[in-house]
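The values are calculated or read from the model by the stated rules, or taken from the named source; none is laboratory data. Computed from a predicted structure; not experimentally measured. Glycine gets a Cβ as well: all are built from the backbone with ideal geometry, and neighbour counts include every protein chain shown.
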Amino acid sequence: MKLASAVFGATGLSAVIGVFMRLPHVFAAAIIALAGSFSAFVQADAVPDQAIRKTLESLQLELPVESIAASPLNGLYEVKLKGGRVLYASADGQFVVQGYLFQIQNGKPVNLTEKTERQAISKTINGIPTNEMVVYPAIGETKSHITVFTDTTCPYCHKLHEEVAQLNKMGIEVRYLAFPRQGLGSPGDQQLQAVWCSKDRKQAMDSMVEGKDIKAAKCENPVSKQFEIGQSIGVNGTPAIVLADGQLIPGYQPAAQVAKLALGAK
């Protein structure tokens with residue numbers, strides 16, 4: 001089945017870290033406007049799961065397919081990968097699109113892909129028990145929370161950490177997840193494991209950011225699992241902030257801006 005009557009614009013494949021390393025020829029696309037009847041498309045009675053899965057398996061994606069469902073656009077199917085990232089495929093699996101799908105609603109473009117991905121990322125992050133995080137509670141009423149993928153060897157993570165107290169005063173709870181940016185086995189990984197194996201993780205995190213050595217016995221810890229979760233949702237550097245609604249914000253943002261975004265997350 002050939003997909004036609006859509007306008008495509010290029011976007012970077014690097015947006016999904018690790019997933020497309022073996023997929024150099026997948027087309028990156030953003031569907032900007034949908035017009036006409038799309039008579040070239042034929043809606044199948046059932047989702048063509050087998051054909052699409054066969055194609056994606058041949059491409060050796062590093063993240064498994066979680067689900068395949070019909071998209072709002074006839075003939076185009078939504079493929080959800082583990083962690084929440086989204087691809088689109090034709091019914092016969094011969095065309096694969098990585099990018100944004102927009103629907104024009106009341107004369108304005110609505111990003112359907114971003115909405116789906118945010119919901120999935122929110123579900124993934126909210127499924128992590130807080131007792132596996134390093135949590136800095138809000139002072140007084142908790143108005144919102146952010147989840148931050150951090151690395152104790154990252155200068156901008158230090159800068160953000162210095163502003164955690166400000167965020168707490170504004171009613172924002174800060175939850176840390178580990179993301180050793182140089183990979184597992186790196187100095188950052190070893191430091192993060194030391195933090196997570198400490199009896200008082202908050203104190204250990206504060207000390208590590210201040211450049212102090214901490215002594216912590218080795219233990220089973222979730223650092224590698226959290227690193228994999230970060231990769232699966234598109235984290236490729238630190239700090240990476242996830243809002244309550246699943247919006248992923250790469251890089252450092254000043255406390256005032258973070259608070260504004262966190263309080264506005266729905």
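Restricting the stretch 223-243 to residues that are surrounded by fewer than 19 Cβ atoms within 10 Å (Cβ to Cβ) and part of a loop (DSSP other than H, G, I, E, B), the residue that is nearest to the chain's Cα centre (by Cα) is Asn236. Given the criteria in contact with a Phe, Trp or Tyr (Cβ under 6 Å, 6 or more places away or on another chain) and either outside any loop (DSSP other than H, G, I, E, B) or within 30 Å of Gly99 (Cβ to Cβ) (or both), does Leu261 qualify? Here the answer is no, as Leu261 does not meet what is asked. With respect to the conditions (1) more than 26 Å from Glu62 (Cβ to Cβ); (2) surrounded by fewer than 19 Cβ atoms within 10 Å (Cβ to Cβ), Ser186 falls short on a single one, namely (1).
Every residue, every condition in (1) touching a Pro at 6+ places or on another chain (Cβ under 8 Å); (2) not assigned by TED's automatic domain parsing to the domain that holds Asp200, yes or no:
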position	(1), (2)
Arg53	no, yes
Ala69	no, yes
Pro72	no, yes
Leu81	yes, yes
Phe95	no, yes
Gln98	no, yes
Asn131	no, no
Ile139	no, no
His145	no, no
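The set of residues in the stretch 135-153 being surrounded by fewer than 22 Cβ atoms within 10 Å (Cβ to Cβ), within 13 Å of Val195 (Cβ to Cβ) and under 20 Å from the mean Cα position of the chain (by Cα) consists of Val135 alone. Reported count of residues in the stretch 202-220, each being at pLDDT 95 or above and either assigned to a loop (DSSP other than H, G, I, E, B) or basic (Lys, Arg) (or both), is 1.
In the stretch 149-159, the condition of being touching a residue at least 60 places away in the same chain (Cβ under 8 Å), part of a strand (DSSP E or B) and touching a Leu at 6+ places or on another chain (Cβ under 6 Å) is met by at least one residue.
A residue that is farther than 19 Å from Arg118 by Cβ, aliphatic (A, V, I, L, M), at pLDDT 80 or above and in contact with a Gly (Cβ under 9 Å, 6 or more places away or on another chain) occurs nowhere in the stretch 58-73. Being small (Gly, Ala, Ser), at pLDDT below 95 and within 23 Å of Ala255 (Cα to Cα) is the filter here, so list the residues in the stretch 231-243 that pass it. Gly234, Gly237 - these are the residues of the stretch 231-243 that are small (Gly, Ala, Ser), at pLDDT below 95 and within 23 Å of Ala255 (Cα to Cα).
Filter the stretch 179-203 for residues that are without any contact (Cβ under 8 Å) to a residue 60 or more places away in the chain and in contact with a Ser or Thr (Cβ under 7 Å, 6 or more places away or on another chain); which is farthest from Pro155 (Cα to Cα)?
Here the residue is Leu184.
Summed over the stretch 160-183, residues that are surrounded by fewer than 19 Cβ atoms within 10 Å (Cβ to Cβ) and either modelled with pLDDT under 95 or in a helix (DSSP H, G or I) (or both) total 7.
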